[in-house]
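Asker: Sending over a structure as structure tokens; questions will come in a sec.
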Amino acid sequence: LVMSPTERKGSLRERRAWDVADVLSKVLSRAVTLQLPGEDDDSFVVVPLHERLAHCDMRGENTRLIASDDEVMLVATRAIEGGEAITR
């Protein structure tokens, strides 16, 4: 998974452990549940764009991921005001 560890202090094993933790954190920040067409249960998918979206506030999320046959679309769930962050 990590061929050459980053330049952190500690032993080679500790640096590799931190690198693996960083990768895991990045993957989990991109993971979302998505209802895929033709399936009854939600699926867990990795969406690279997802980590770039802000966390929702008291108004709730203003976008949602929708799956169609072979595409995943990011659609607005309500009107988004000028200057408002796109949230998940």
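Asker: As a test of understanding, state the convex hull volume per residue of the chain from its alpha carbons, in Å³. Intermediate values should be presented prior to the final figure.
Answerer: Values: hull volume 14.4 nm³, N = 88.
Per residue, the Cα convex hull of the chain comes to 164 Å³.
Asker: Taking θ = phi - 60°, what integer Hz values does the Karplus form 6.51 cos²θ - 1.76 cosθ + 1.60 yield along the stretch 47-62, in sequence order, with x for Gly and Pro?
Answerer: So the Karplus estimates, Gly and Pro as x, are 10, x, 6, 4, 5, 7, 7, 6, 6, 6, 9, 5, 6, x, 5, 10 Hz.
Asker: Moving to a separate point now. Taking loop as defined by DSSP and a crowding limit of 13 other beta carbons within 10 Å, which trypsin sites (Lys or Arg not before Pro) in the stretch 42-84 fit? Could you put the intermediate results ahead of the total?
Answerer: Numbers: sites: ARG52, ARG59, ARG64, ARG78; in loops: ARG59, ARG78.
Taking the stretch 42-84 and a limit of 13 other Cβ atoms within 10 Å, the loop trypsin sites (Lys or Arg not before Pro) found are ARG59, ARG78.
Asker: Quick check: pseudo-label points 7 Å beyond the Cα along Cα→Cβ at ALA85 and LYS9, how many nm apart are they?
Answerer: 3.2 nm
Asker: Counting only DSSP beta bridges with both residues in the chain, tell me the antiparallel percent, nearest 5.
Answerer: Around 90 percent antiparallel, to the nearest 5.
Asker: Per DSSP H run of n ≥ 4, the term is -39500 (n - 2.57); total these for the chain, divide by its residue number, and report the mean residue ellipticity at 222 nm rounded to 500 deg cm²/dmol. Kindly include the intermediate steps, with their values, before the conclusion.
Answerer: Working: 1 runs with 19 residues, N = 88.
Calculated mean residue ellipticity at 222 nm is -7500 deg cm²/dmol.
Asker: Before I look further, what does the stretch 21-88 give for accessible area per residue, probe 1.4 Å, in whole square angstrom?
Answerer: Details: 4980 Å² over 68 residues.
Solvent-accessible surface per residue comes out at 73 Å².
Asker: Within the accessible area of the chain, what % is carbon and sulfur when the probe is 1.4 Å and the other protein chains stay in place? Mind dumping the intermediate values first?
Answerer: Values: 3810 of 6830 Å².
Accessible surface attributable to carbon and sulfur in the chain totals 56 percent.
Asker: What is the helix-to-structure angle for 12-30, meaning the angle in degrees between its Cα long axis and the longest Cα principal axis of the chain, kept from 0 to 90 and rounded to the nearest 10?
Answerer: 0 degrees
Asker: If you place +1 on the Cβ of every Lys and Arg, -1 on the Cβ of every Asp and Glu, and leave all else neutral, what size is the dipole of the chain about its Cα centre, to the nearest 20 Debye?
Answerer: On the way: 12 positive and 16 negative charges, 143 e Å.
Charge dipole, the chain, about its Cα centre: 680 debye, nearest 20.
Asker: Which residue, ALA85, THR6, LEU28, has the largest displacement toward the positive end of the dipole of the chain when charges sit on each Cβ (Lys, Arg +1; Asp, Glu -1)?
Answerer: The residue sitting most towards the positive pole is THR6.
The values are calculated or read from the model by the stated rules, or taken from the named source; none is laboratory data. Quick caveat: nothing in here was measured; it's all calculated off a predicted structure. Reconstructed Cβ throughout: ideal geometry from the backbone, glycine too, with neighbour counts over all protein chains shown. All accessible areas refer to the heavy atoms of the entire protein, side chains included, with ligands and DNA or RNA removed. Shrake-Rupley method; radii C 1.70, N 1.55, O 1.52, S 1.80 Å.
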